[in-house]
Structure formats: C-alpha cells, structure tokens
Amino acid sequence: MKSASSNDNNLWVAAGDGQLQRVKELVEGGAQVNERDEFGYTALHAAVSYNHKDVLEYLLEHGGDINIEDFDKDTPLYVCEHADLAQFLVDHGANVHHKNSEGVSPAQTANEEGWDDVAKLLAALTGETLEKASDDDDDENDKALTYLQNDDNSDADDDMTLRPEFAQQVEQVMHKIQQDGGVQDEEELRQVVTNMVLQQVKQSIGDTPSS
C-alpha cells in the first residue's frame, strides 16, 4: 500500500485518510482532482490504495481520470487490494490490459503483492495465466523444514555428520559479513543465516538417493 504525501493539508492525504468532507472542501476550493504529487501519485491512487470507495466515487464524479498514471505508469487499479473495489474500477472503465513502465499488468501486480482475489478477478478478464512462484517457494521451504525436523529425530551419528557442515557454512557467512562491514540489525543476520541453512538443507535433500 503506497503512502500519501506528507503534507497534512492536501488532497492526497485527505483522500488516503478517507476524509470525504475535507476532499470536497479542497476540490470546491480549487484543488485539481488529477493533480500529481512529486512522485506522480494522485488522489485517486490514494483513495483506491486505502479502499475509500466513497472518496473515489466523488473524485470520479468531479473529473477524476480512472486510468491516470503515476510516474511508473501505474494506474489506480495497480494499488487496489480489494476485489469489490477492483470490480468497481473495472465497471467504471479501468483498463485491465494496461502495462506499466516495466511491462507489468494490474493482474500481475496483484498476484505479486499477494492480493489473490484481485489477481483472479483481473486475470479472468484478461485471460492471463499467473505464475505461482511464491507457492513453489513455500513448498520448498516446507520440505526443508520437514527435513530438519526429521533430522532432529535421527541418531546421534547422523546429527554429528551434518552439524560441522552447517558450522562451516555459518563461519563463512559471518566472515563475509564482517568483510562487507557488518549487518544493520539482528533480524538481518538471522535472515542471512536462515536462508543459508535452508539452502544447505535443500541441497542435502537433492543429494539424497531416492528409495
């Protein structure tokens, strides 16, 4: 979900906060509905991103462009996280076939962001086949975790044959981290080591002969 501009007295913030009355006051006072901020972000993007349908309806009724692009060529549909609002956008002319500056469609963006209902809705309209790479990654991680759990229950000799390999890998990672100037926090270090261990386990699974 994108953030609205930091100025507390502008249309983007009011739209993102769902302050319909304030939005009306600003528009009636001369604020341009389709005006972009320094990032190309518009009030329509803000209203959609924060799921404020009433604000969106008002903006559209007062000249809002439902297919307006930010500087990445993302339209409001690209920041829609809810299927009902996505359907509303489509019903009011949102282009489901649009491609942004990276050649990515709204359906692909929703799929990458994990907005499954939106992704399915849009893909059904465009005929796109969406990749499920994240599911594959989850399956691989589940296998690795299962392997670790099974290894915990193995005999001591098997346990001892794996631990030195992990210890060596951890030592290599720590040495590289020190050379690179360290890590910013413990969470980053934990993630580095976890990824390394999972990769080692997956490799071990792959090297294990099938029965």
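Taking into account only those residues within the range 87-121 that are of a type in the set (A, V, I, L, M, F, W, C) and not in a loop (DSSP other than H, G, I, E, B), which is farthest from D70 (Cα to Cα)?
Checked the range 87-121; the qualifying residue farthest from D70 (Cα to Cα) is L121.
Consider L122 carefully, then state whether it is more than 20 Å from A14 (Cβ to Cβ) and touching an Asp or Glu at 6+ places or on another chain (Cβ under 8 Å).
Yes: the conditions hold for L122.
Quickly run through the range 12-54 and pick out the residues that are under 18 Å from L89 (Cβ atoms) and of a type in the set (K, R).
K53, the sole residue that qualifies.
Of the numbered conditions (1) over 25 Å from L122 (Cα atoms); (2) in contact with a Gly (Cβ under 8 Å, 6 or more places away or on another chain), L44 satisfies every one except a single condition; which is it?
All conditions are met except number (1).
Residue-wise test of (1) loosely packed, with under 15 Cβ neighbours inside 10 Å; (2) over 21 Å from the mean Cα position of the chain (by Cα); (3) more than 23 Å from A110 (Cα to Cα).
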{"site": "D37", "(1), (2), (3)": "no, yes, yes"}
{"site": "V48", "(1), (2), (3)": "no, no, no"}
{"site": "H52", "(1), (2), (3)": "no, no, no"}
{"site": "D74", "(1), (2), (3)": "no, no, no"}
{"site": "H92", "(1), (2), (3)": "yes, yes, no"}
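Considering D74, D70, D84, D65, which residue is in a helix (DSSP H, G or I) and modelled with pLDDT of 95 or more?
D84
Return the only residue of D37, D8 being in contact with a helix residue (DSSP H, G or I) (Cβ under 7 Å, 6 or more places away or on another chain) and at pLDDT below 95.
Only one candidate qualifies: D37.
The values are calculated or read from the model by the stated rules, or taken from the named source; none is laboratory data. Since this is a predicted model, take the numbers as computed values, not measurements. Methodologically, a virtual Cβ is constructed for each residue, glycine included, from the backbone with ideal geometry; neighbour enumeration extends over all protein chains shown.
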